């Protein structure tokens, strides 16, 4: 499922739309860091449907070409990537910066790790080297804003079903330790303006 920090599985889309970040911490942080209300936002890669809807609700004008490709170079106030910078980070960052007008902002959302989901995801750069001092984002002039989000369910049973569906046996084993119908999930928003070195 593109843009969702669990293994690809279209059947999990409903869980995501219902359960992730009820407190809207992620979109509030994006609104604050990118000042997106009333501004032209270019999407880099594919973002989840629920996040696109939140951007619209928050007053962003999402720019897209007729074929669904990103906005033309230099035409956006904000460029936003969400779980879309996994390979060729330097190239992806350069291309995303090229979408921005002078003074524009680049926002990149990825998992931060150091949470309950992290142990189920395996060894990934998102939760290790990317967020460290000297990692690829900090070296490219980004600051890091950590957002402490939750997967919130109606019951522990619902949370357990989600964990099993998303992560199989490892998820079921983790579900057996749950004491509340919430699962901590930390996100990083890497942010910088177009002029940062």
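Just so it is clear, none of the values below were taken in a lab; they were calculated from the coordinates. Everything numeric in this text was worked out from a predicted model, so none of it was measured. A quick note on method: Cβ atoms are made from the backbone with ideal geometry, for glycine too, and the neighbour counts reach across all protein chains shown.
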key: the chain - mean residue ellipticity at 222 nm from DSSP helices (-39,500 (n - 2.57) per run, n ≥ 4, rounded to 500)   = -9000 deg cm²/dmol
message = If I take every Cα pair under 8 Å that is 6 or more residues apart in the chain, average their sequence separation and divide by the length, what percent do I get for the relative contact order?
response = 24 percent
query = Helix 25-34 sits at what angle to the longest principal axis of the chain, using alpha carbons and giving 0 to 90 degrees rounded to 10?
reply = 10 degrees
request  = Please work out whether the chain counts as rounded, prolate or oblate from its C-alpha gyration tensor, where a ≥ b ≥ c are the square roots of the eigenvalues and a/c under 1.5 means rounded, while otherwise a/b larger than b/c means prolate and anything else oblate?
outcome  = prolate
Computed E for residue 146/residue 182 - FRET, C-beta separation, R0 25 angstrom, nearest 0.05 = 0.90
inquiry  = Using a Förster radius of 25 Å, what is the FRET efficiency between residue 22 and residue 161 based on their Cβ-Cβ separation? Nearest 0.05, please.
reply    = 0.90
note = For 49, 57, ascending order of other Cβ atoms within 10 Å (fewest first) is 57, 49
remark   = Listing 43, 31 by rising number of other beta-carbon atoms within 10 angstrom, fewest first, gives 31, 43
ask   = Taking Cα atoms, how many degrees apart are the long axis of helix 156-175 and the longest axis of the chain, rounded to 10 and kept between 0 and 90?
value = 80 degrees
request  = Please figure out what share of the DSSP beta bridges in the chain is antiparallel and state it in percent, rounded to the nearest 5.
outcome  = 60 percent
